[in-house]
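These notes concern the structure reproduced below.
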Amino acid sequence: MTLNEGRRVRLAADTRLTDWVAMTEDPSGSAGTVAGSLSLAAGTEGTVVRVVEHDRQTEESREYERLKSLLDAYGAGMPAESKKQLEEKVAGLEPAWDAYRAEPLRVTVRVRFDNGFILDDAREDVFVPA
């Protein structure tokens with residue numbers, strides 16, 4: 001499912017959220033750590049307020065894309081030796097490009113639930129349309 005800002009969604013499964021907070025000072029004057037958790041029930045509805053697509057493109061795959069574009073646009077008019085060198089560079093970077101294209105785009109969302117809670121950086125696949 002592709003989520004867009006403003007779309008109504010609901011949690012597909014019970015979701016437990018846990019966080020650790022380092023306290024600099026508690027009431028007794030000693031330092032400590034507090035653990036807390038919150039559970040949101042499956043079916044809790046809310047509205048998508050932000051969608052973030054995480055592009056995991058590597059430097060090598062970017063370079064492949066740049067050089068391939070250069071080769072496609074100007075290869076026909078290049079001197080033979082220059083074209084051959086460019087083709088070799090492109091061929092050497094092709095595995096990085098293939099790996100990048102095979103990896104699915106990671107999408108996270110921020111959802112404001114009707115109860116006032118906000119869940120941020122959640123994978124889009126934990127929600128279903130409301």
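The values are calculated or read from the model by the stated rules, or taken from the named source; none is laboratory data. Model, not experiment: these values are computed from the prediction. Note that each Cβ is placed from the backbone with ideal geometry, even for glycine, and that neighbours are counted across all protein chains shown. These accessible areas exclude ligands, DNA and RNA; they are computed on the full protein's heavy atoms, side chains included. Shrake-Rupley method; radii C 1.70, N 1.55, O 1.52, S 1.80 Å.
From the list Thr33, Thr47, Thr18, pick out the single residue that is at pLDDT 95 or above, of a type in the set (Ser, Thr, Tyr) and within 30 Å of Phe113 (Cβ to Cβ). I'd like the intermediate steps shown before the answer.
Details: Thr33 fails: at pLDDT 95 or above; Thr18 fails: at pLDDT 95 or above.
The unique qualifying residue is Thr47.
When Gln85 is tested against the conditions (1) assigned to a helix (DSSP H, G or I); (2) open to solvent by less than 80 Å² (accessible area, probe 1.4 Å); (3) of a type outside the set (Lys, Arg), the lone failure is (2).
Among residues of the range 111-130 being of a type in the set (D, E, K, R) and under 15 Å from the mean Cα position of the chain (by Cα), the one that is most open to solvent (accessible area, probe 1.4 Å) is Arg123.
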